[in-house]
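No lab work stands behind these numbers, since they all come straight from the coordinates. This one's a predicted model, so the numbers in the text were calculated from it and none came from an experiment. Quick reminder, even Gly has a Cβ in these numbers, built from the backbone with ideal geometry, and neighbours come from all protein chains shown.
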Amino acid sequence: MPQIFPKYMNVVARLSILSGPFLFAGAGVSLAAFFRADYTTGARTVVEQPVPFSHKHHVAELGIGCQYCHTSVDKSATAGLPPTRTCINCHQQMWTSAELLKPVRDSFEKNEPIVWNKVHNTPNYVYFNHSIHVKKGVGCYSCHGRIDEMNLVYQSKTLLMEWCLDCHRTPENHLRPLDEVFNIAWSAKDEINEDTGKPYDQKTLGRKLKEIHMVRESSVTTNCSFCHR
């Protein structure tokens, strides 16, 4: 019977077999990278709003605290969005004719709320409660990043489950004193260790605060039913 394939095809066949695992591994790495990419997770993508509200201007430059607008952040599952009345408290005295703020004036005059577009979206099957995180000493920064430096708000973290689990497994990396929860610029180095007289590092202070705030063990906080209800 005549030979169907030329001899050099033996080399091609061997190379194909040897390269197979590398191709599969490469495909896996590529898929993992795509799954974590900003394009897929929505991270660092500015969401268009009816009014281009600048946290940098209001928080960093004017010194307005988080709770002035997000009044329910320490009391309920949602942080809450300010009613138009909150905006008008200031803007009935300044920038009263600015075209940029026309949607705010229209909202107030018509008694219709401004429809803001949600930036940080979690799936419907995920239960997230703002108040419990605040009461356990998790600062705004841990989830929202340097929002005080954002002219336009964007999602600074991936919000992937692995990101949530990383904090639930090692909460000491994120805990802070309760009176510093809303201080975006706070650092553990701002606190002095009473025993050494030197500034704290985050892990040492976090372990101490974990006990003070009575944060449950990771075996509980990483249980599926903790977030998926």
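Brief remarks on what is shown
- Highest-MSF residue in the chain out of Thr40, Thr71, Thr158 [GNM, Cα springs under 10 Å]: Thr40
- Stretching Leu178 away from Met94 to a fully extended chain increases their span by 26.9 nm, per 0.36 nm per residue minus the current alpha-carbon distance.
- Straight Cα distances below 27 angstrom link Lys157 to the lysines Lys56, Lys75, Lys118, Lys135, Lys136, Lys189, Lys203, Lys208, Lys210, with same-chain residues fewer than 8 positions distant left out.
- Overall Cα dimensions of the stretch 16-144 - principal axes, largest extent first, Å: 74, 37, 29
- Rounded if a/c under 1.5, otherwise prolate or oblate - the stretch 77-160, Cα gyration tensor axes: prolate
- Put in line by how crowded their Cβ is, counting other Cβ atoms within 10 Å and starting with the fewest, Phe53, Phe34 read Phe34, Phe53.
- Residues whose placed amide H lies under 5 Å from that of Thr170, excluding near-sequence neighbours: none
- Its DSSP H runs of at least 4 residues, each contributing -39,500 (n - 2.57), put the calculated 222 nm mean residue ellipticity of the chain at -11000 deg cm²/dmol, to the nearest 500.
- Computed from backbone phi, the HN-Hα couplings of the stretch 110-117 come to 8, 6, 10, x, 6, 8, 7, 8 Hz, rounded to whole numbers (Karplus: 6.51 cos²θ - 1.76 cosθ + 1.60, θ = phi - 60°; Gly and Pro given as x).
- Taken along the Cα-to-beta-carbon direction at a fixed 7 Å, the label points for Arg36 and Asn193 span 3.1 nm.
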